[in-house]
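Shown next, in structure tokens, is the structure this report addresses.
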Amino acid sequence: MSDVQRSSGNKYFLKWVAAICRGAGPLSLPVMLMMVCGPYASAAPLSLQSAEAIALRQNPGLGALTQKIAELRHKAVAVAQLPDPHLALGAANLPLNSFSMNQQQMSTLSVGLSQTFPSFGKLGLEGQQAGIEAQAAVDTLRGQSAELVLLLRRAWLQALYTENAMATVRHQEQLEAESVQAALALYRSAQGSQAEVLRAQLARDNLANDISKLQAERASDLAQIAQILNLPEPPSIEHQWPNLPPPHTLAQAEARLSGQPLLRAAQAQTRAAQMGVQVAKTGYWPDVTVSVGYGQDFHPGSPNWLSAGVNLSLPIFPGDRQDQDVAAARAKALQAQYRYDDQHLALTQQARATFARYAALKTELERTDQRLLPNARNAFSATLAAYSAGRAGLNAVLRTQKEVLDYALTRLQYRRDLALSAAELDFLTTQGEMQP
């Protein structure tokens, strides 16, 4: 159930409760059911803006990314901490014949504590690296949110196209009916043949198949919208074309690419990989472990003991370990940089191609609206009039009818593709300041 339906139902339910509290008199069960359930049955169609808000709130993929960000932020705190200290408990020189602690002078019980300190600067660098990875995940969430909105807009615009295409085909049926009437009039006046009447009827009836195909396409589009919105049933959507934000100029679009969330995420991954090189270099320095212990000697007259020590790791063969770790980290950093450069080039090419397509579609739509479709309609009217007067053949009428339908559907395609291009440009230039 959408938020629009839920809020509307709550409003009517509260009105019903208020009416009872004011002493409006007893209400019959059917009236109460109409007041409470009526809004759900006649809820307003879902708008694209509301659908986008639902998608960003309910999509499980975005929810998983949000938890990934939380995971990385917690990890950034944990990896920057010192390892846990070690507590040691022991017994030394314990006699096996009696297990008596005061039989020999060297029998002691001891307790010790040790702490390992990783090589200098390693913990801070690892914490910074994890923090950068968390920021990359934030940018990834923003980018995938923008991708989800783009996917929703594509399905939405395709559903609107099929809806309007069905209306266009139904209007074409009316034009075909005029051709049938003209053929019948000529046939009854002995100026036409029965074959022409049948051909005109066949052209009209064949449009029913086109409508069936469009209905199936629309059902598929609505099912995709339901999947994106995580809804159990396909929603009822508004039939009007949405007002998408006008695109930036090409120069502005290219300038804004550096702030595109997915590109920012790739850049953050590059920084994290470069930080990994610094982490790997800390492996040339030893880890230090400091330990201290206290021993209790139970033999009469024997003193207690205190011990302390320092242990160092010895990275004395760096060629097979540290050098390889640093080389691997550098290769990973270069890989991330190449991936960023490749993605930047791809987005730049996509922006240029989409902008060129948008400009071409805008011109083609204007030309179709102003010249092509009106001329096709006028040509059909003139041809139908000539056919009714016996000065043209049925083939010319059917051909001009098909041209009207083709131009009308082409106009809808231009309008859909123009909106799709605007949506793609909006995705490419989004900066995304949403916080998870």
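Asp205 meets the conditions (1) out of contact with any helix residue (DSSP H, G or I) (no Cβ under 7 Å at 6 or more places or on another chain); (2) more than 16 Å from Leu398 (Cβ to Cβ); (3) among the charged types (D, E, K, R) in every case but one. The failed one is (2).
Out of all the residues in segment 126-133, is one or more within 30 Å of Val310 (Cα to Cα), buried (at least 17 other Cβ atoms within 10 Å of the Cβ), more than 33 Å from the chain's Cα centre (by Cα) and among the polar types (S, T, N, Q)? Within segment 126-133, not a single residue is within 30 Å of Val310 (Cα to Cα), buried (at least 17 other Cβ atoms within 10 Å of the Cβ), more than 33 Å from the chain's Cα centre (by Cα) and among the polar types (S, T, N, Q). Restricting Gln224, Gln181, Gln158 to residues that are of a type outside the set (Gly, Ala, Ser), free of Cβ contacts under 8 Å to residues at least 12 places away in the same chain and part of a helix (DSSP H, G or I) narrows the list to Gln181.
Applying the set (1) free of Cβ contacts under 8 Å to residues at least 40 places away in the same chain; (2) surrounded by 15 or more Cβ atoms within 10 Å (Cβ to Cβ); (3) within 40 Å of the chain's Cα centre (by Cα) to Ala392 leaves exactly one unmet item: (3). Counting the residues of segment 216-264 that are closer than 17 Å to Phe355 by Cα, surrounded by 13 or more Cβ atoms within 10 Å (Cβ to Cβ), out of contact with any Asp or Glu (no Cβ under 7 Å at 6 or more places or on another chain) and of a type in the set (A, V, I, L, M) gives 3. Within the bounds of segment 302-319, is there any residue that is at pLDDT below 90 and either touching a Leu at 6+ places or on another chain (Cβ under 6 Å) or surrounded by 16 or more Cβ atoms within 10 Å (Cβ to Cβ) (or both)? No, segment 302-319 has no match at all.
If you take the residues in segment 300-333 that are in a helix (DSSP H, G or I) and without any contact (Cβ under 8 Å) to a residue 40 or more places away in the chain, which one is nearest to Leu250 (Cα to Cα)?
Looking at the filtered set, the residue picked out is Ala331.
Looking at segment 354-370, which of its residues are within 26 Å of Glu163 (Cβ to Cβ) and open to solvent by 40 Å² or more (accessible area, probe 1.4 Å)? The answer is Arg357, Tyr358, Ala360, Lys362, Thr363, Glu364, Glu366, Arg367, Asp369, Gln370. The residues listed here are Ser7, Ser50; of these, the one that is of a type in the set (S, T, N, Q), assigned to a helix (DSSP H, G or I), modelled with pLDDT under 50 and over 30 Å from Ser291 (Cβ atoms) is Ser7. Checking Ala379, Ala422 one by one, the residue that is within 24 Å of Glu196 (Cβ to Cβ), at pLDDT 90 or above and of a type in the set (Gly, Ala, Ser) is Ala379 and no other. Taking segment 158-170 as the range and being under 20 Å from Tyr407 (Cβ atoms) and hydrophobic (A, V, I, L, M, F, W, C) as the test, the residues that pass are Leu160, Ala165, Met166, Ala167, Val169.
Exactly one residue out of Leu361, Leu347, Leu373 is more than 30 Å from Leu113 (Cα to Cα) and touching a Lys or Arg at 6+ places or on another chain (Cβ under 7 Å): that is Leu373. Each residue in segment 52-65 was checked for being crowded, with 19+ Cβ neighbours inside 10 Å and out of contact with any Ser or Thr (no Cβ under 9 Å at 6 or more places or on another chain), and 1 pass.
What residue, among those in segment 66-116 that are hydrophobic (A, V, I, L, M, F, W, C), open to solvent by 50 Å² or more (accessible area, probe 1.4 Å) and in contact (Cβ under 8 Å) with a residue 60 or more places away in the chain, is farthest from Asn311 (Cα to Cα)? Of everything passing the filter in segment 66-116, Met106 is farthest from Asn311 (Cα to Cα).
The values are calculated or read from the model by the stated rules, or taken from the named source; none is laboratory data. Note that the structure is a prediction, hence the values are computed from the model and not measured. Cβ coordinates were reconstructed from backbone atoms using ideal geometry, including for glycine residues, and neighbour counts include every protein chain displayed. Keep in mind that these areas ignore ligands, DNA and RNA; they rest on the heavy atoms of the full protein, side chains included. Shrake-Rupley method; radii C 1.70, N 1.55, O 1.52, S 1.80 Å.
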